[in-house]
């Protein structure tokens with residue numbers, strides 16, 4: 001046991017007693033720099049790989065958004081055409097309703113003129129009856145009666 005302790009002590013002293021020379025130190029320093037350089041390269045390559053993956057994901061997202069925008073634009077165009085058709089139909093119905101209203105107004109005006117003429121003839125007939133006490137023959141109307 002003593003012998004092992006002495007051997008261990010001697011190895012420890014040899015390790016701590018060792019002083020590197022210039023010929024040994026330069027390769028050690030160069031090796032450390034080489035390891036650091038390769039580590040930096042590996043780190044940069046990993047970061048570039050992550051950026052490449054993120055760029056491809058963003059590209060896929062962008063392509064999806066462009067496709068969605070095209071679908072929405074197409075849907076908007078279809079809705080616009082549909083509403084334009086409905087608007088044109090409503091305008092046609094409105095013009096037909098206006099034409100029917102104007103025809104009804106003309107018919108109403110004609111009927112009112114006929115009513116006024118009929119009232120006038122009735123008043124004239126009532127005046128003749130009250131003057132003479134008998135009914136005289138009615139003068140024929142100069143205006144032909146219009147049919148509704």
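Can you tell me which of 28, 58, 87, 80 is modelled with pLDDT under 90 and either surrounded by fewer than 10 Cβ atoms within 10 Å (Cβ to Cβ) or part of a helix (DSSP H, G or I) (or both)?
28
Here is a check on your reading of the model: is residue 52 in a helix (DSSP H, G or I) and surrounded by fewer than 10 Cβ atoms within 10 Å (Cβ to Cβ)?
Here the answer is no, as residue 52 does not meet what is asked.
Tell me the residue from 128, 92, 121 that is surrounded by 10 or more Cβ atoms within 10 Å (Cβ to Cβ) and either modelled with pLDDT of 95 or more or in contact with a strand residue (DSSP E or B) (Cβ under 9 Å, 6 or more places away or on another chain) (or both), please.
92
The values are calculated or read from the model by the stated rules, or taken from the named source; none is laboratory data. Owing to the predicted nature of the structure, the values given are computational and were not obtained by experimental measurement. A quick note on method: Cβ atoms are made from the backbone with ideal geometry, for glycine too, and the neighbour counts reach across all protein chains shown.
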